[in-house]
1. With (1) out of contact with any Lys or Arg (no Cβ under 6 Å at 6 or more places or on another chain); (2) among the hydrophobic types (A, V, I, L, M, F, W, C); (3) buried (at least 16 other Cβ atoms within 10 Å of the Cβ) as the list, and LEU133 as the residue in question, which single condition is left unmet?
2. Across region 1-29, what is the number of residues that are β-branched (Val, Ile, Thr) and open to solvent by less than 40 Å² (accessible area, probe 1.4 Å)?
3. Restricting attention to region 30-46, does a residue exist that is under 23 Å from LYS234 (Cα atoms) and either open to solvent by less than 40 Å² (accessible area, probe 1.4 Å) or in contact with a His (Cβ under 7 Å, 6 or more places away or on another chain) (or both)?
4. I'm trying to understand the selection: among the residues of region 102-126, which are surrounded by 14 or more Cβ atoms within 10 Å (Cβ to Cβ) and in a strand (DSSP E or B)?
5. Which residues, counting only those in region 150-198, are in a strand (DSSP E or B) and either of a type in the set (D, E, K, R) or within 18 Å of LYS114 (Cα to Cα) (or both)?
6. Filter region 136-149 down to residues that are among the polar types (S, T, N, Q) and in a strand (DSSP E or B) and give me whichever is most open to solvent (accessible area, probe 1.4 Å).
7. Take the residues in region 177-217 that are more than 28 Å from LYS131 (Cβ to Cβ) and of a type in the set (Asp, Glu), then tell me which one is farthest from the chain's Cα centre (by Cα).
8. Among the residues of region 118-168 satisfying the criterion of being charged (D, E, K, R) and at pLDDT below 90, which is nearest to LEU67 (Cα to Cα)?
Amino acid sequence: MSIYPFDIINNKKKDLVISLNISKDTGVIVIYKKTNSNYSYVTKIEDLTYIDNISIFNTEALNKSFLIVEQILDERLGAFFLDNYVQIFTNINNTSFKEVLRLSKNYETYYYEKWTTPTIENPKWFKITEKNLIDYMVNEDELPIVNINKTLKKYEGFSSDDSIPENFELIQTKNISTSYYWSNKYKYFIQNEGKLKSTGELVGIIEKSNQLADSLLQLSKPYYKIVDKNGKIKYIKENKLSVIHISQ
């Protein structure tokens, strides 16, 4: 258990953010509000994995705080991936918290060609990695921005007995720099705004699939991760959406 004294309720007092790791892949956060000399329970954030660290990002222009929760999901035994990622939450009416962005910091996964093509001869193993530098800042209007610089890498290897090879050779590197802007309209961090071709509905574009490490495997067609005006997260094919402008 770890205790973090943050002003997360925006009451100009040091509230308590308490994290508890129940197991290697299950964590929970409980938040208490400072009231005079006592603390009162506010809410909890569940469905978390192992919590590595918690920090806070305040913005005076919005009178809003963002809770940055660093977590580790280690599924290398069985599911062949490791994800050290960040979830950003913000408070809603000071009674509950919702996710407003999720980003990987360090990600590693493996893919074996034989999993999808059992009869393939001389199947290859691939290792995919993503390393992210994440910077939290505010723009000239004191609105929050999350800048990222990521490096995606693809490695190739061979094994004679279907086990993960000991050695891999780097065959592809991809560098990406982009920014996520806080949108009051969508109540989410987005990169752009877009319009659905079928209905004309405006949506916030969170990210495109070609910015993700798994895209190096080219196992699916390009798609967008979007958020609608009701805060619902959806995934839509690239050809179903038009990018309008960069949200500032």
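The values are calculated or read from the model by the stated rules, or taken from the named source; none is laboratory data. Everything numeric in this text was worked out from a predicted model, so none of it was measured. All Cβ positions, even for glycine, are placed from backbone atoms using ideal geometry, and neighbour counts span all protein chains on display. The protein model used for the area step is the full one, side chains on, heavy atoms only, and it has no ligands, DNA or RNA in it. Shrake-Rupley method; radii C 1.70, N 1.55, O 1.52, S 1.80 Å.
1. All conditions are met except number (3).
2. Count: 6.
3. Yes: region 30-46 contains one or more residues that are under 23 Å from LYS234 (Cα atoms) and either open to solvent by less than 40 Å² (accessible area, probe 1.4 Å) or in contact with a His (Cβ under 7 Å, 6 or more places away or on another chain) (or both).
4. Listed by number, the residues that qualify are ARG102, LEU103, SER104, LYS105, TYR107, GLU108, THR109, TYR110, TYR111, TYR112, TRP125, PHE126.
5. Quick first cut of region 150-198, residues in a strand (DSSP E or B) only: 150-157, 169-183, 188-190, 192-196.
Residues satisfying the conditions are LYS150, LYS153, LYS154, TYR155, GLU156, GLY157, GLU169, LYS174, GLU193, LYS195.
6. Looking only at region 136-149, we keep the residues that are among the polar types (S, T, N, Q), and these are 139, 147, 149.
Checking the rest, the ones that are also in a strand (DSSP E or B) come to 147, 149.
Numbers: ASN147: 34, ASN149: 78 Å².
Of everything passing the filter in region 136-149, ASN149 is most open to solvent (accessible area, probe 1.4 Å).
7. For region 177-217, the residue satisfying everything is GLU201.
8. GLU142
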